[in-house]
Each structure stands twice: as structure tokens, then as C-alpha cells.
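Shown next, in C-alpha cells, is the structure this report addresses.
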Amino acid sequence: MNTLTTVANLMALAARTAPKSRGQDFIVTAIVQGEALQSLAEKMVEIGERTGRKFFLRDAKNVTASEVILLIGIKDAQKANLNCSACGVPTCNDLDVGSYVGEFKGPQCAFRVMDLGIAIGSAVKMASILNADNRIMYTVGAAACALGMLDADLAVGIPLSATGKNIYFDRPAVS
């Protein structure tokens, strides 16, 4: 196991143990490396070309330059039953979770999406502690879900690199 695979495993541990609303865990993770990175990048290019969203093409270049990627998502997240209306409907009973399927399944309970954000933050904090370059990318999550690399309703990918300069920043802007 190489160093960045170890980092990805520790990041997955941080995501797993991150606090979650009402103590309920709907977080899923997976690690992508080796030849699967090329398949992931190719899917990102395909999505970018099909939709005209050039940032998928830019991010695909980062994926091919990465050694390993951590995927983090939520799967079958139940409503938190707090009736907070943050999801856009008056009560949790009015929320039809996952009734729409696009790149991701939605709508989702806002508290479960916050749980995902906390898990992501815990994971990248671990990467930072270990000085591993990383970047949170929605594009990676969308392509990974499309390929079945992570069985999730909503996900992001966090590519990892350890070079003399962080490859995920100072990238060209896309419109």
C-alpha cells in the first residue's frame, strides 16, 4: 500500500467517525486508484462534452494526474424528522426523498446533506494534517456514481496528490 492510499484510508476513517445528525449514519465511502482512475477521467470527459460543462474536462485532467481518490457520499438517507423546512417543504412528511434522479438523487433532507459536508470536512482535515494535496470535486462524485464506483445518492470525490506543487490549484478558470 502506498502512502497516499494510507492517507485515503485515514480520510475514510475520519468521514466515518464524523458526527452525524441524530446519531444516524448514512455515509458511504470508496477508494479509487490504479486503472480505475482512467475510467473515471474518461467518464468525466464524456459528461463534460455531452453537457457542455467544461469544468468536467478540466477536473478530468486532475484525476489522471492523481494517485488515489476518496469518494464520499450518502445512501438511502432517511429524513431527520425535525420539521425544519430547510429542504424546502413544510414538514418532513412532505419531503419525497430521492423522487428525482439526475446526476444525483434528490431532494435530500438538509440535515443529511450537512452530515455529508461534515464528513467531507473531517476527511480533508485529515489530508491537511498529513500534508496531502487534495480538492473536493463534485464532478468526480457525479462521474463515479454514473460508473457505479460508489453506490450513493449524492457524492463528491477527493483526489490526492503529493508533488512539489499542489496540482489542484492555479488551474485555468472555465466558463
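The values are calculated or read from the model by the stated rules, or taken from the named source; none is laboratory data. Because the structure is predicted, anything quoted here is derived from the model rather than measured. Backbone-built Cβ (ideal geometry, glycine too); neighbour counts: all protein chains shown.
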Can you find, within region 96-122, the residue that is surrounded by the fewest Cβ atoms within 10 Å (Cβ to Cβ) among those that are within 26 Å of Lys61 (Cβ to Cβ), touching a residue at least 12 places away in the same chain (Cβ under 8 Å) and not aliphatic (A, V, I, L, M)? Gly121
Which condition breaks for Phe169 when tested against (1) at pLDDT 95 or above; (2) aromatic (Phe, Trp, Tyr); (3) more than 12 Å from the chain's Cα centre (by Cα); (4) within 20 Å of Ala60 (Cα to Cα)? (1)
Could we say that Lys125 is in contact (Cβ under 8 Å) with a residue 24 or more places away in the chain and under 17 Å from Ala77 (Cβ atoms) here? no
Reported set for region 1-56 where residues are modelled with pLDDT of 95 or more and in a loop (DSSP other than H, G, I, E, B) is Ala18, Pro19, Lys20, Gln24, Asp25, Phe26, Gly34, Glu35, Gly52, Arg53
Boolean, Arg16 is out of contact with any Leu (no Cβ under 7 Å at 6 or more places or on another chain), closer than 20 Å to Ala127 by Cβ and either buried (at least 16 other Cβ atoms within 10 Å of the Cβ) or aromatic (Phe, Trp, Tyr) (or both): yes
Find the residue count for region 86-95, including only residues that are assigned to a loop (DSSP other than H, G, I, E, B) and either loosely packed, with under 12 Cβ neighbours inside 10 Å or touching a residue at least 24 places away in the same chain (Cβ under 8 Å) (or both). 3
Could you list all residues from region 112-133 that are touching a Lys or Arg at 6+ places or on another chain (Cβ under 8 Å), hydrophobic (A, V, I, L, M, F, W, C) and more than 26 Å from Arg53 (Cβ to Cβ)? Ile118
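Here is a yes/no grid of residues against (1) over 23 Å from Gln38 (Cα atoms); (2) part of a helix (DSSP H, G or I); (3) touching a Phe, Trp or Tyr at 6+ places or on another chain (Cβ under 8 Å):
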{"residue": "Asp59", "(1), (2), (3)": "no, yes, no"}
{"residue": "Gly73", "(1), (2), (3)": "no, no, no"}
{"residue": "Asp76", "(1), (2), (3)": "yes, no, yes"}
{"residue": "Ala80", "(1), (2), (3)": "yes, no, yes"}
{"residue": "Arg112", "(1), (2), (3)": "yes, yes, yes"}
{"residue": "Ile118", "(1), (2), (3)": "yes, yes, no"}
For region 1-42, enumerate the residues that are farther than 18 Å from Asn62 by Cβ and touching a Lys or Arg at 6+ places or on another chain (Cβ under 9 Å). Ala14, Lys20, Ser21, Gln24, Asp25, Phe26, Ile27, Val28, Thr29
